[in-house]
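*Asks:* Questions regarding the structure given below will be posed in turn.
The values are calculated or read from the model by the stated rules, or taken from the named source; none is laboratory data. Quick caveat, the model's predicted, so the values are computed rather than measured. Cβ coordinates were reconstructed from backbone atoms using ideal geometry, including for glycine residues, and neighbour counts include every protein chain displayed. All accessible areas refer to the heavy atoms of the entire protein, side chains included, with ligands and DNA or RNA removed. Shrake-Rupley method; radii C 1.70, N 1.55, O 1.52, S 1.80 Å.
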Amino acid sequence: MLFGRKKQPAAAVRKIPVHLGIIMDGNGRWAKKRGLPRQAGHVTGAQVFRKITKYCEKCGVRYLTVYAFSTENWRRPQDEVEAIMNLLRQYLKESLADFQQENIVVRFIGSRDELAGDILQLIQEAEASTAHKTGMTLNIALNYGGQQEITAAARCLAQNVAAGELDPAAIDEKLLEQQLYTGDQPPVDLILRPSGEYRLSNFLIWQSAYAEFVFMDDILWPDFKEGDLDRAFEEFARRDRRFGGV
Ligand code: FPP
């Protein structure tokens, strides 16, 4: 369902999703429209990501998962992949001090196998230095794919069965869910995607089984502002969530 710029009544209920997922889409198109290289869109996109993360925490979001790099994004030109990895390096180096002041738990979800050694090191430092925080959990999906995540979870359960440690009859949704990167977190309430693409792109496919979707086709991620998040929350508040019931 699309979502436009409808004026809201002043007294609109402010209902904030506990777990918000954001597909930060449209960086390349934003740059192209300005005659800039795609990388320029990612640079601005990374700045917007930092601003919106802080705003989510301020609004009371408890879990924020952002799609930074998918398992399929390695297919992009080498210089674009390098540019995104460099932005991540820069973000992690600059944020290590910030993380001390902010009450955010930082976690990375996705496969770590293909990541460069220095990025792995920065990720471990960020996770270790924020693990004790009590505020919002920020999951950065990096080298992440929902299908790969579920496959890895199934493989792990199969290994337990093969080792004689698990009865196949004991495998249920709960047990599989616990093997996911987000196994200790609540399901996703709202998935937000700017840029006019109406798909999930292998993002949190298990966790979003009952998520609401807000596709904002009038904005690209580098233009995204706090007010756009407010618009999405207002739309979310209007949704009647029945979780399969009546
Ligand atoms: C999608 O837009 C965006 C990405 C694949 C990369 C997202 C990365 C960032 C926002 C910056 C780095 C992140 C961190 C955490 C520092 P697109 O390139 O597919 O845009 P297009 O659809 O217009 O081509």
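*Asks:* Between a residue in region 120-131 that is under 16 Å from Leu87 (Cβ atoms) and any residue that is at pLDDT below 95, which pairs come within a Cβ distance under 8 Å, given they are 6 or more apart or on different chains?
*Replies:* Close Cβ pairs (under 8 Å, with a partner that is at pLDDT below 95) amount to Leu122/Leu92; Leu122/Lys93; Leu122/Leu96; Ile123/Leu92; Ala126/Leu92; Ala126/Ser95; Ala126/Leu96; Ala126/Phe99.
*Asks:* Let me ask something additional. In contact with a Ser or Thr (Cβ under 8 Å, 6 or more places away or on another chain), surrounded by 12 or more Cβ atoms within 10 Å (Cβ to Cβ) and of a type in the set (Asp, Glu): is that true of Asp223 in this structure? Walk me through how you get there before you give the answer.
*Replies:* Working: in contact with a Ser or Thr (Cβ under 8 Å, 6 or more places away or on another chain): no; surrounded by 12 or more Cβ atoms within 10 Å (Cβ to Cβ): yes; of a type in the set (Asp, Glu): yes.
No.
Condition check ((1) within 12 Å of the ligand (Cβ to nearest atom); (2) assigned to a helix (DSSP H, G or I); (3) touching a Cys at 6+ places or on another chain (Cβ under 9 Å)) across all residues:
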| residue | (1), (2), (3) |
| --- | --- |
| Phe108 | yes, no, no |
| Gln121 | no, yes, no |
| Glu125 | no, yes, no |
| Thr134 | no, no, no |
| Ile150 | no, yes, no |
| Ala153 | no, yes, no |
| Leu157 | no, yes, no |
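*Asks:* Give the residue, chosen from Gly117, Gly60, that is open to solvent by 10 Å² or more (accessible area, probe 1.4 Å), under 30 Å from Phe236 (Cβ atoms) and either among the polar types (S, T, N, Q) or over 15 Å from the mean Cα position of the chain (by Cα) (or both). Don't jump to the end; show me each part of the working.
*Replies:* Details: Gly117 fails: under 30 Å from Phe236 (Cβ atoms).
Being open to solvent by 10 Å² or more (accessible area, probe 1.4 Å), under 30 Å from Phe236 (Cβ atoms) and either among the polar types (S, T, N, Q) or over 15 Å from the mean Cα position of the chain (by Cα) (or both) holds for just one of Gly117, Gly60, which is Gly60.
*Asks:* Taking into account only those residues within region 69-112 that are of a type in the set (Asp, Glu) and touching a residue at least 24 places away in the same chain (Cβ under 8 Å), which is most open to solvent (accessible area, probe 1.4 Å)?
*Replies:* Here the residue is Asp79.
*Asks:* Those residues that are of a type outside the set (A, V, I, L, M, F, W, C), more than 11 Å from the ligand (Cβ to nearest atom) and part of a helix (DSSP H, G or I), I need them from region 45-74; list them, please.
*Replies:* First, pick out the residues of region 45-74 that are of a type outside the set (A, V, I, L, M, F, W, C): 45, 47, 50-51, 53-55, 57-58, 60, 62-63, 65, 67, 70-73.
Adding the requirement that they be more than 11 Å from the ligand (Cβ to nearest atom) leaves 51, 54-55, 57-58, 60, 62-63, 65, 71.
Listed by number, the residues that qualify are Lys51, Lys54, Tyr55, Glu57, Lys58.
*Asks:* Can I ask one more? Exactly one of these conditions fails for Leu175: (1) surrounded by 13 or more Cβ atoms within 10 Å (Cβ to Cβ); (2) within 19 Å of the chain's Cα centre (by Cα); (3) not hydroxyl-bearing (Ser, Thr, Tyr). Give me its number.
*Replies:* (2)
*Asks:* If you scan region 203-220, which residues turn out to be in a loop (DSSP other than H, G, I, E, B) and either more than 20 Å from His42 (Cα to Cα) or touching a Cys at 6+ places or on another chain (Cβ under 9 Å) (or both)?
*Replies:* If we filter region 203-220 for residues that are in a loop (DSSP other than H, G, I, E, B), which is where we start, we get 203-211, 217-220.
Answer for region 203-220, where residues must be in a loop (DSSP other than H, G, I, E, B) and either more than 20 Å from His42 (Cα to Cα) or touching a Cys at 6+ places or on another chain (Cβ under 9 Å) (or both): Leu204, Ile205, Trp206, Gln207, Ser208, Ala209, Tyr210, Ala211.
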